[in-house]
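None of the figures in this text is laboratory data; all of them are computed from the coordinates on show. Predicted model, so just to flag it, every value in this text is computed and none were measured. Backbone-built Cβ (ideal geometry, glycine too); neighbour counts: all protein chains shown.
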Amino acid sequence: MTLLANAKVVTPEEILEPGWVEVDGERIVGVGSGTPDRPVDLDLAGRTVVPGFVDTHVHGGGGGSYLRADPEVTARVAAFHRAHGTTTTFASLISTTAQELERQVAALSDLVLDGVVAGMHLEGPWISEVRRGAHDPAYLRPADPAELDRLLRLGKGTVSMVTLAPELPGGFDAVRQVSDAGVVVAVGHSDADYATVLAAVDAGARVATHLFNGMPPLHHRAPGPVGALLEDPRVTVELIADGMHVHPGVIAVAARSAGPGRVSLVTDAMDAAGMPDGIYDLGGQSVRVDHGLVKLVDGDSIAGSTLTMDAAFRLVVREAGFDLCDAARMAATTPAATFGLTDVGALVPGLFADLVVLDEDLRAARVMRRGAWVSPEPVADELFSH
C-alpha cells in the first residue's frame, strides 16, 4: 500500500484540503480528508492531486506520431503525454488512402489490446472539403459502408470514435452504421447546417470534434453545427484549450453553456508537441510551428496543436475561470464517461490509481498510472534517435 497525504485532493464532489489518497496495487482503496490514521508514505506538501487526464483526441507528441502505427513509436508518444498527466490516451488518425488507413488500424488495434493506448479515433477521411482544415483534400471521400465495415473489423473492437461530416452523401447511413457497431460517432470537419447536425444526433452522433474548429462559426441567424452541438444534451463537445484554437473567453462561454459534464478537453496534439519550432510533417503535408502554433506551410489552416493536457487544465483554471473540480471533470471524468471507461476518470476508491500531482503553477510534477509512478518526462531526441 502507498499513502499520499497533505495534499489538495480534487474529488468529483469537492476539494479535500488537506486530503489523502491510499493506493493498493493498481487501485485506489481510500480517499479522505484530514490526517490519516497511519504513517504517510509520501507527504505532498500541499500540492494538488487530480485524476489522471483522459485525452481522446491526440495524434502524436515528443517528435513521434501515432500515424506511423509503429509499436515503439506509439509507446513513446504515449509516454511523452503520460509525463504531462495523460494516463489514458487514444490514438487519433487522419485522412489518408484506404490502404494506408487499413494498415494503421490493423497495427494500432494490437497496441490497444496490449494496453499501450486506450482506443483509436478515425478523424476522417469522410469529412467536408470545405471544412477540411489540415486534412489533405486528395484523400477525402464520402463514407462507404463496405470500407467502414472493413475498418471496424480490422479494429477488432478497438475503434472508439469515428469523425464524420453528416451532410456528405450517405452521411446519415454512416452515422447509424458506426453507432450500431457500438462506436462513438463524432460530428466534425463539417459544413452542415443546424437542422442537419441535429438530425445526425438523432441518428446516433454523440461527440463534437474540436468544437468551433473545422466548422462554420456560430451566427445568430445560422447557428450551424456549433449551435446544434452545444444545445443538444446528448452531445459531448471537445475543446482544444490552448488559447489559440479557441479564445479562453469562448471556452468559458461554451463550457458554461454545455456544463462541465458535457465538455472534454483534448489536445489534438501532433508530433511537434514538446519539440522546438520548425517544419514538421502531418499526414503528408508540411506544417510550420511558430511559438507553439501549428499551421499548414501552404495555406493558413491551423494543423493540430503542440498542447499537453496539463497545460489545457491550467488554461481552463487560470484563464477561463473554472474551479479545480470542474477542470478535472472536463479533463478526466467527462471524457471517460463519454466512452464508457469505468475504471478511470476520478479519484474514487475502486478505480485505477491514475493521478497527477500538480505543483503550485498547475504543472505536472509527478504522475501515477495504475499505481506506479511514471518516470520524468522523456527527452524526445533520445527517444526517437533510432
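Reducing the range 300-333 and the range 243-289 to their Cα centroids gives an inter-centroid distance of 9 Å.
A Cα-only calculation for the range 223-329 places Rg and Dmax at 14.8, 41 Å.
Considering only CYS325, THR87, HIS245, the residue lying farthest towards the positive end of the dipole of the chain is CYS325, judged by Cα position with unit charges set on Cβ.
Here the simple spin-label model places points 7 Å from the Cα toward Cβ, and for LEU42 and ASP361 these points are separated by 2.1 nm.
Just checking the listed ones, ASP354, ASP268, ASP70: in the Gaussian network model of the chain with Cα springs under 10 Å, the one fluctuating most is ASP70.
Remark on the chain: ratio of C-alpha radius of gyration to 2.2 N^0.38 Å is 0.95. Considering only ARG262, ARG27, ARG150, the Gaussian network model of the chain with Cα springs below 10 Å gives its largest mean-square fluctuation to ARG150. Note on ARG153/ARG318: beta-carbon distance plugged into 1/(1 + (r/R0)^6) with R0 of 45 Å gives a FRET efficiency of 0.50.
Using a Förster distance of 56 angstrom, determine the FRET efficiency expected from the C-beta separation of ALA146 and GLU13, and round it to 0.05. Mind dumping the intermediate values first?
Values: r = 48 Å, r/R0 = 0.85.
The pair ALA146/GLU13 has a calculated efficiency of 0.75.
The range 8-49 and the range 162-215 have Cα centres spaced 41 Å apart. Dimensions of the range 163-261 from C-alpha coordinates, computed as largest minus smallest value along each principal axis and given longest first, are 37, 28, 21 Å. The residue among THR342, SER190, LEU67 whose Cα reaches farthest toward the positive pole of the charge dipole of the chain, with charges on the beta-carbon of Lys, Arg, Asp and Glu, is THR342. Measuring r between the beta carbons of GLU100 and LEU293 and using R0 = 25 Å, the FRET efficiency lands at 0.35.
Our analysis of the range 181-225 gives Rg over Rh at 0.98, with the two radii drawn from alpha carbon positions and Rh computed by the Kirkwood formula.
Can you tell me the length gained on complete extension of the stretch THR342 to GLU72, counting 0.36 nm per residue apart and subtracting the Cα distance? Could you put the intermediate results ahead of the total?
Working: separation 270, 0.36 × 270 = 97.20 nm, distance 2.75 nm.
Fully extending the segment from THR342 to GLU72 adds 94.5 nm.
Contact order for the chain, expressed relative to its length and based on alpha carbon pairs under 8 Å spaced 6+ residues apart, stands at 21 percent.
Of the residues LEU42, LEU230, LEU315, the one that moves most in a GNM of the chain with alpha-carbon contacts below 10 Å is LEU42. Here is how the number arises for the chain: DSSP H runs of 4 or more residues each give -39500 (n - 2.57), the sum is divided by the residue count, and the result at 222 nm is -7500 deg cm²/dmol.
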